[in-house]
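What follows draws every value from the coordinates through simple rules; no lab data is involved. Note that the structure is predicted; figures quoted are calculated from it, not measured. Here the Cβ is made from the backbone with ideal geometry for all residues, glycine too, and neighbour counts use every protein chain on show.
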Amino acid sequence: MKQRRLELGLTQEELCEGICEPITISRMENGRQTPSRNRINALLQRLGLPDDRYFALLSKREEEIAALQKEIIACSVQRDTAHGWELLGQLEQITEPDDHVTRQFILRSQVILGKAEGRYSAEEQLQMLMKALRMTAPHFDLEEISKGLYSFEEVKIINQIAVTYAGNGQRRRAIDILRQLMKYVQKHYQNILQSGGLLPLISYNYARELAANKQYEDAIEIAELGRQSCVTYGHYQFLPGVLAIMASCYHFLEKDEESEALYHQTYYLYQAIDNPGDGAQIKEEAKEYLNVDFRF
């Protein structure tokens, strides 16, 4: 850790900002202290180092936190707001006041889950996400993202900020954030296998906004990067999405042969992952754009 920190020209204060005290880094580098697992993961991710080579026994509380986080993520995916908030309450009860990493996760999860009566407004979401980010990155600047160091959780928050701006009609701002974020991830996490899910996530959102902005060739380039990263890292969640973006962009560029082939691939992927709803939408979109009775 010390060697990598020095390679990057970082002080202990710069590395640990918002995560722990500099004295903790000093003790870690000298083998005199082992911080909590979530803190060490965040530090290693900021350094662009894999965390699968670090082994330490988890305390009972750390095991409970990890288990609750997995359940909360599942609730977010399944849109189970009520149970998700119940689990967040349990997580808050066992989280130490100075555990900014876990509290950051809690706040981001609140945004994703939404309220019982519906989603937070775009303004509320942005306020909550910026608050969450500045728990560990107090000097974060949306205009100069590359100047910071980020954990995976922080990258996900920045991505969500961009998505929120896009949903609120500020597409150009979203595109600028995603452009900066993609460059950071490509440069900083290139040797971390565990970061494989971040590039498909960012590529999908970036390509989608470029396509919506009618930057079709740029969108295809970014979507293709997303496709490659899905295959390379084995993260297939966004594969149908990036293929669908490429299919529509090729149509708007009057390359319907390429478009048709990609629509076929997208449809069968949705069938393979038991997602008939999105599959039906792709079928309708292909029929509309290609102006044929599209038979799969």
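Observations on the model:
- Sorting 208-215, 151-158, 178-185 by their mean Cβ neighbour count within 10 Å, with the most densely packed peptide first, gives 151-158, 178-185, 208-215.
- Relative contact order [Cα under 8 Å, 6+ residues apart], the range 208-296, whole percent: 21
- Pairs with C-alpha atoms separated by more than 24 Å, drawn from the list 70/183; 70/131; 131/187; 183/255, are 70/183; 131/187; 183/255.
- Helix axis angle, 216-233 relative to the chain longest principal axis, alpha carbon, degrees: 60
- For the chain, the longest principal axis of the alpha carbon atoms and the long axis of helix 152-167 meet at an angle near 40°.
- In terms of overall dimensions, the C-alpha atoms belonging to the range 18-148 reach 51, 39, 25 Å along their principal axes, ordered largest to smallest.
- Take every pair of alpha-carbon atoms less than 8 Å apart whose residues are at least six positions apart; their mean separation over the length of the chain yields a relative contact order of 11 percent.
- Angle between the chain longest axis and helix 239-252 axis [Cα atoms, degrees, rounded to 10]: 40
- Cα-based values for the range 116-169, radius of gyration first and Dmax second, are 11.6, 38 Å.
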